[in-house]
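Take a look at the structure set out below.
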Amino acid sequence: MPKASVNGTIMLDGKTVNVTGVGYHEHAWNITLPMWEYGWYWGKIVSKSFTLFWGQMMQSPIKIQQRVAVLSFNNCSYAQINPEKIEFKTMNYVMDHHRLIPTEFLIRINDSANSTYINVSMKAIAIHHIGGKINHYWRYHVLVNGQITRGSLTETINNETQIMELVRFPSLVPIW
């Protein structure tokens, strides 16, 4: 369910607030057991016609386990992106809960077999930490800018607020 219509009410400081918007259900597929992972980045980017689900799983702080991306079109069909065609960069780090975390991200996809070309940047506008002594979870609200192209359709995203996450576990795998 990449782009569902959502409406409801939220109680905030004793007041009822009506809300409407776009929601999605995330399913973290093809993820190994956390004891074999260092963590992952995971998120979605929504435009008028497209929803991009993306992720990067890490085996250690310096070793990427795998990258994934799926592009959905108008909630009707999708394309699985070749992992070798996905570029994911992290930039501009800050300390948060004794961990160095990035505040800016870049996703580039050049998958000619799927006629899919994506170039988007994300900049954190809010970062929320949930976690304990063992694992750490950061929910990011990011401003997204860039373009998504599939076939002859190109959509531009300008300063759209989206969500993503960073999860880190203690590494049980040697760093090599």
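Values in this text are rule-based calculations from the coordinates and carry no lab data. Since the model is a prediction, treat every value here as computed from it, not as a measurement. Quick reminder, even Gly has a Cβ in these numbers, built from the backbone with ideal geometry, and neighbours come from all protein chains shown.
Arranged from fewest to most other beta-carbon atoms within 10 Å of their beta carbon, HIS98, HIS128, HIS141, HIS136 become HIS98, HIS128, HIS141, HIS136. Close amide H contacts of TYR38 (hydrogens built in the peptide plane, cut-off under 5 Å, sequence separation of 5 or more or a different chain): MET58, GLN59, SER60. 3J(HN,Hα) couplings calculated from phi for region 103-113 with the Karplus curve 6.51 cos²θ - 1.76 cosθ + 1.60 (θ = phi - 60°) are, in sequence order, 10, 9, 9, 9, 10, 10, 10, 10, 10, 5, 4 Hz; Gly and Pro show x. For a quick check, take a GNM of the chain with Cα springs below 10 Å and name the residue from MET122, MET95, MET58 with the largest mean-square fluctuation. Evaluated over the chain, the most mobile residue of the options is MET95. Of the trypsin sites (Lys or Arg not before Pro) found in region 82-138, those that fall in a DSSP loop while having at most 13 other beta-carbon atoms within 10 Å are LYS133.
About the Cα centre of the chain, what is the dipole size in debye to 20, counting +1 per Lys and Arg Cβ and -1 per Asp and Glu Cβ, all else neutral?
The dipole of the chain has a size of about 80 debye.
A straight Cα-to-Cα reach below 20 Å connects LYS123 with the aspartates and glutamates GLU87, ASP96, GLU104, GLU155, GLU160, GLU165, residues fewer than 8 places away in its own chain not being considered.
Taking the inverse of the mean 1/r over every pair of distinct Cα atoms in the chain gives a Kirkwood hydrodynamic radius of 17.4 Å.
Which of ILE134, ILE64, ILE81 ends up with the largest GNM mean-square fluctuation for the chain, with Cα atoms connected below 10 Å? Largest GNM mean-square fluctuation: ILE134. Among THR90, THR116, THR20, the residue with the largest mean-square fluctuation in a Gaussian network model of the chain, with springs joining Cα atoms closer than 10 Å, is THR20.
Across the options PHE73, HIS128, THR103, the greatest Cα extent toward the positive end of the charge dipole of region 33-168 (unit charges at beta carbon of Lys, Arg, Asp, Glu) belongs to HIS128. Grab the other residues whose beta carbon is less than 13 angstrom from that of ASN92, score K and R as +1, D and E as -1, and report the net. So the surrounding residues net to 0.
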